[in-house]
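Please find one structure pasted underneath; my questions will follow.
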Amino acid sequence: MAGPDPAAAVPGAEAVAAAPGSAAAVGVPGVVPPAPPRRRGPLPVWAALAVVTLAGVASAAQGATNGELGVRVGEPTLAAVVNNLGGTLLVVVGLAVLPSMRAGLAELRRTRPPWWSYLGGLGGAAIVVLGAYVVPVLGVAVFTIAQVAGSSLGGLAVDRAGLAPVGRLALTGPRVAGGLLGVAAVTLAQLGQPIGDLAVGLVLLAVAGGVGVALQSALNGRISAAGSAAAGVAVNFAVSTPAVLLVAALAGAFTGPAPAWPDAWYLYTSGALGVAIVAGLVIGVRSAGVLRTGLALVAGQLGGALLLDALLPGGPGARPAVLAGAALTLVAVVVAGRRNRVAAAGAERAGGRLVG
């Protein structure tokens, strides 16, 4: 998109095209340097939410493929490694063929978002590793509901702290009620299941993973606002892949005999699914904010998760308690989405930073 006419910026002065380092570029009187190219604006809200909903379906499928691959190779962290290496490979290809991705990363050098904005990938690494361990035991639907509870509670804290590019969001009654309903949904979904230390611990781990997703969405959204959506995806995998490799090494995944890798092609699609999920989140956060992005993601996750649990061979099926928990989760995200947004005084976003 072309920038504003430089001649209009200085009445009576005729604009002269200026190359970097030329006299015009260093400020010769009467010569106006060209405006920097504008970054592409966010998608319309409806389009962004549609993208996020599809990303939610991808999230449910990713949990299932990572879980099955981890079981087949006998080491869940290897499934997480395959996921992140696949996503990183796609990012490298994107850097080679997409000028917009390279331009977005270059823009980050100009806008200089705070260093902690780059850490969103750690949340993504956590949920991928947890999913590989937890999904085979709890099932996709229970894991998703627990993750939603964590992301609801984490979203309250993240919004209150103002970590997302939309600024600070007040800790209102509807938001708190939505978070509590999310926790109730996790409890309801576990009815009728053996509740031992292992089951409770896995549910709590999934909740913690949901908190990580809330942080991932907010921080990657800041990178997207300061650079581009493609830059947000690239930064996410640049951080998450080393973290996953470290966890796998500590777990001893690279020692011992080589695993027998299965032939089923779909088990190796998690990297592409991960790129789709991260891209959907950064697009949604920039257009619709963290809360509405979360609602759309949950809609896609629940639809995909319940379908997978019902149809996958050996899956737990769509149990009534899980269906009820899913319904209560939808109530939770709707209640939490009640429009009651209050920005803190003086909170502004400037080039990915919060000031005030």
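With (1) surrounded by fewer than 20 Cβ atoms within 10 Å (Cβ to Cβ); (2) under 21 Å from L202 (Cβ atoms) as the list, and R160 as the residue in question, which single condition is left unmet?
For R160, the exception is condition (2).
Hey, another quick one. Exactly one of (1) closer than 25 Å to L54 by Cα; (2) surrounded by fewer than 24 Cβ atoms within 10 Å (Cβ to Cβ) is unmet by I223. Its number?
(2) is the only condition that I223 fails.
Can you confirm whether the stretch 174-191 contains a residue that is at pLDDT 75 or above, over 10 Å from A146 (Cα atoms), of a type in the set (V, I, T) and crowded, with 24+ Cβ neighbours inside 10 Å?
So far as the stretch 174-191 goes, no, none of its residues is at pLDDT 75 or above, over 10 Å from A146 (Cα atoms), of a type in the set (V, I, T) and crowded, with 24+ Cβ neighbours inside 10 Å.
Against the condition more than 25 Å from N66 (Cα to Cα) and modelled with pLDDT of 80 or more, how does R160 come out, does it pass?
On the way: more than 25 Å from N66 (Cα to Cα): yes; modelled with pLDDT of 80 or more: yes.
It is true that R160 is more than 25 Å from N66 (Cα to Cα) and modelled with pLDDT of 80 or more.
Further, regarding this structure: Could you give every pair whose Cβ atoms fall below 8 Å, whose first residue belongs to the stretch 236-255 and is modelled with pLDDT of 90 or more, and whose second residue is aromatic (F, W, Y) and surrounded by 13 or more Cβ atoms within 10 Å (Cβ to Cβ), counting only separations of at least 6 or pairs across chains?
V239/Y118
Could you tell me whether the stretch 98-110 includes any residue that is farther than 20 Å from G210 by Cβ and outside any helix (DSSP H, G or I)?
Looking only at the stretch 98-110, we keep the residues that are farther than 20 Å from G210 by Cβ, and these are 98-110.
Filter once more, so that each one left must be outside any helix (DSSP H, G or I): 98.
Yes, the stretch 98-110 has at least one match.
Report whether or not G139 is at pLDDT below 80, under 21 Å from G284 (Cα atoms) and in contact with an Asp or Glu (Cβ under 8 Å, 6 or more places away or on another chain).
Considered against the rule, which asks whether it is at pLDDT below 80, under 21 Å from G284 (Cα atoms) and in contact with an Asp or Glu (Cβ under 8 Å, 6 or more places away or on another chain), G139 comes out as no.
Further question: Would you mind telling me which numbered condition in (1) small (G, A, S); (2) surrounded by fewer than 23 Cβ atoms within 10 Å (Cβ to Cβ); (3) at pLDDT below 85 A64 fails?
(2)
Related question: Taking the stretch 248-267, which residues are surrounded by 18 or more Cβ atoms within 10 Å (Cβ to Cβ) and part of a helix (DSSP H, G or I)?
Step one: list which residues in the stretch 248-267 are surrounded by 18 or more Cβ atoms within 10 Å (Cβ to Cβ), which gives 248, 253, 267.
Across the stretch 248-267, the qualifying residues are A248, L267.
Out of V82, V93, I need the residue that is assigned to a helix (DSSP H, G or I), touching a Leu at 6+ places or on another chain (Cβ under 8 Å) and among the β-branched types (V, I, T). Which one?
Values: V93 fails: touching a Leu at 6+ places or on another chain (Cβ under 8 Å).
So the residue among V82, V93 that is assigned to a helix (DSSP H, G or I), touching a Leu at 6+ places or on another chain (Cβ under 8 Å) and among the β-branched types (V, I, T) is V82.
Then there's this: Any residue at all in the stretch 281-295 that's at pLDDT 75 or above, buried (at least 20 other Cβ atoms within 10 Å of the Cβ) and within 22 Å of V137 (Cα to Cα)?
no
Working carefully through the options G104, G87, find the one that is touching a helix residue (DSSP H, G or I) at 6+ places or on another chain (Cβ under 7 Å), more than 30 Å from A141 (Cα to Cα) and surrounded by 24 or more Cβ atoms within 10 Å (Cβ to Cβ). Spell out the reasoning first.
Numbers: G87 fails: more than 30 Å from A141 (Cα to Cα).
Sole residue among the options that is touching a helix residue (DSSP H, G or I) at 6+ places or on another chain (Cβ under 7 Å), more than 30 Å from A141 (Cα to Cα) and surrounded by 24 or more Cβ atoms within 10 Å (Cβ to Cβ): G104.
The values are calculated or read from the model by the stated rules, or taken from the named source; none is laboratory data. Computed from a predicted structure; not experimentally measured. Methodologically, a virtual Cβ is constructed for each residue, glycine included, from the backbone with ideal geometry; neighbour enumeration extends over all protein chains shown.
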